[in-house]
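Report on the following structure.
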Amino acid sequence: MSVKKEFIGKTKNGIDVSFFRMTNKNGLVATVSDLGAAWIGLVAPDRDGVMKDVLLGYDDPETLYNNPGSLGSIVGRNANRIGGGRFKLGGKTYELAKNNGGNNLHSGPDVLQMRHFEAREGSIDGADFVIFRLESPEGDQGYPGSLKIEVVYTFTDFNDLIIEYKLRAGDKDTLANFTCHPYFNLAGHDSGDVLDQELWIDAPSICEIDENCLTTGKILPVMNTPFDFRSPKPIGRDISKANKQLKNAGDGYDHNFCLEHRLGRMKLAAAARDPKSGRYMEVYTGMPGIQLYTANSMHEEVTGKEGAHYKRWSGFALETQFYPDAINKGEWEQPVIFADEIKYFLTTYKFGVKD
């Protein structure tokens, strides 16, 4: 195995953009970028050995910089929404930009997807890796304290794409809820919608959301609702049913599924399969939640990689995370990293074929 670095070009404001391609012994290829520490490609075979890229993404530096939909980007310091764009920590209230219906979404508008990460690539014990590093200074995005961010992508001969976050706080407590935002289409990134692809999520409940997709603090059971994926079913089976939660999300899924395991304990949380190609994926995580998003607001105006034009429901995202807006809901697991503390978080996406 080896990592191949390819210079792609510059953004309009002069940021150099490179792609790092990791190829394992089975011929699968995982591609990541130093712009936004983004995961932008995963080429995998179907049951007949036909290779397809199953990740939606961009291959133009300027489009990747703006990244509509945050395709494949690392999101932090806080993923998802913070209600009212404010939170309290250590007795002090912090104000963030309101960039989504009066709330803060993905810590924007000064998001990590627009930043160049220092990169180092290598191989060890039959696996390729790329380490991305970035230091977020005190006050960055409105958050207290500084934070040293390290994101490690490792690709193995077992077809595992492992994402490890190593976060080191400065001399103040701060918020740290990071995720990766990949969109999958197991038939191929340019193959149309994912409604026939099957999904399983090991979650008995979801976080209720309001009309702005902000969690209300209420936990809803999935039984006898469109949100019950505890037995595999096509993503599109219930997506158009009359349901207030689906409507609040823009006529689709944009919800945190509540996983039943202790924080930090790795567990199989979700799995997906494309019946036509046989491509199969599993998600293992130690995070308490996983956000299912079905690209409800995606439109065809933006050109994706290889000239593709993605539309509504062209992909599904499975983002491992703390519950959205947990910092404002004290009964939930808190995404706080204390002064001088180091925290590690891990998620694995495993690929294969299953008939």
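Restricting attention to the range 263-280 and to residues that are in contact (Cβ under 8 Å) with a residue 24 or more places away in the chain and of a type in the set (Lys, Arg), the residue that is surrounded by the most Cβ atoms within 10 Å (Cβ to Cβ) turns out to be Arg279.
Restricting attention to the range 230-262, which residues are open to solvent by less than 30 Å² (accessible area, probe 1.4 Å), in contact with a strand residue (DSSP E or B) (Cβ under 6 Å, 6 or more places away or on another chain) and in contact (Cβ under 8 Å) with a residue 40 or more places away in the chain?
Here is the first cut: in the range 230-262, the ones open to solvent by less than 30 Å² (accessible area, probe 1.4 Å) are 233, 235-236, 238-239, 245-246, 248-249, 252-259.
Retained after the next criterion (residues that are in contact with a strand residue (DSSP E or B) (Cβ under 6 Å, 6 or more places away or on another chain)): 235, 248, 253-259.
Scanning the range 230-262 gives Ile235, Tyr253, Asp254, His255, Asn256, Phe257, Cys258, Leu259.
The residues in the range 299-355 that are part of a strand (DSSP E or B) and either within 21 Å of Leu195 (Cα to Cα) or within 16 Å of the chain's Cα centre (by Cα) (or both) can be counted, and the count is 16.
Considering only residues of the range 215-228 that are in a strand (DSSP E or B) and among the β-branched types (Val, Ile, Thr), which is surrounded by the fewest Cβ atoms within 10 Å (Cβ to Cβ)? Residue satisfying both the conditions and the ranking: Thr216.
Going by the structure shown, is Glu6 at pLDDT 95 or above and assigned to a strand (DSSP E or B)? It is true that Glu6 is at pLDDT 95 or above and assigned to a strand (DSSP E or B). Among the residues making up the range 126-153, those that are crowded, with 21+ Cβ neighbours inside 10 Å and among the hydroxyl-bearing types (Ser, Thr, Tyr) are Ser136, Tyr143, Tyr153.
Need at least 2 residues that are over 16 Å from the mean Cα position of the chain (by Cα), within 21 Å of Leu346 (Cβ to Cβ) and in contact (Cβ under 8 Å) with a residue 12 or more places away in the chain per element, so show me which strands (runs of 3 or more DSSP E) inside the range 117-202 make the cut, counting only ones lying wholly within it.
Numbers: elements: 118-124, 127-136, 147-155, 160-169, 198-201.
Per the criteria, 118-124, 127-136, 147-155, 160-169.
Residue count for the range 36-51, restricted to those that are among the hydrophobic types (A, V, I, L, M, F, W, C), part of a strand (DSSP E or B) and within 15 Å of Pro182 (Cβ to Cβ): 5. Scanning the range 101-112 for residues that are on the phi < 0 side of the Ramachandran plot and modelled with pLDDT under 95 returns Gly108, Pro109, Asp110. The residues in the range 281-292 that are surrounded by 24 or more Cβ atoms within 10 Å (Cβ to Cβ) and in a strand (DSSP E or B) can be counted, and the count is 4. The criterion of being open to solvent by 50 Å² or more (accessible area, probe 1.4 Å), in a strand (DSSP E or B) and of a type in the set (Lys, Arg) holds for Arg21. Check off (1) of a type outside the set (Val, Ile, Thr); (2) within 21 Å of Phe155 (Cβ to Cβ); (3) open to solvent by 30 Å² or more (accessible area, probe 1.4 Å) for Tyr58 and give me the number that stays unchecked. Against the list (1) of a type outside the set (Val, Ile, Thr); (2) within 21 Å of Phe155 (Cβ to Cβ); (3) open to solvent by 30 Å² or more (accessible area, probe 1.4 Å), Tyr58 comes up short only on (3). Here Asn185, Asn212 are screened, and the one residue that is modelled with pLDDT of 95 or more and surrounded by fewer than 18 Cβ atoms within 10 Å (Cβ to Cβ) is Asn212.
The values are calculated or read from the model by the stated rules, or taken from the named source; none is laboratory data. Just so we're clear, the structure is a prediction, and the values are computed from it rather than from any experiment. Positions of Cβ are generated from backbone atoms using ideal geometry, with glycine treated the same way; all protein chains shown enter the neighbour counts. With ligands, DNA and RNA removed, areas are computed over all heavy atoms of the protein, side chains included. Shrake-Rupley method; radii C 1.70, N 1.55, O 1.52, S 1.80 Å.
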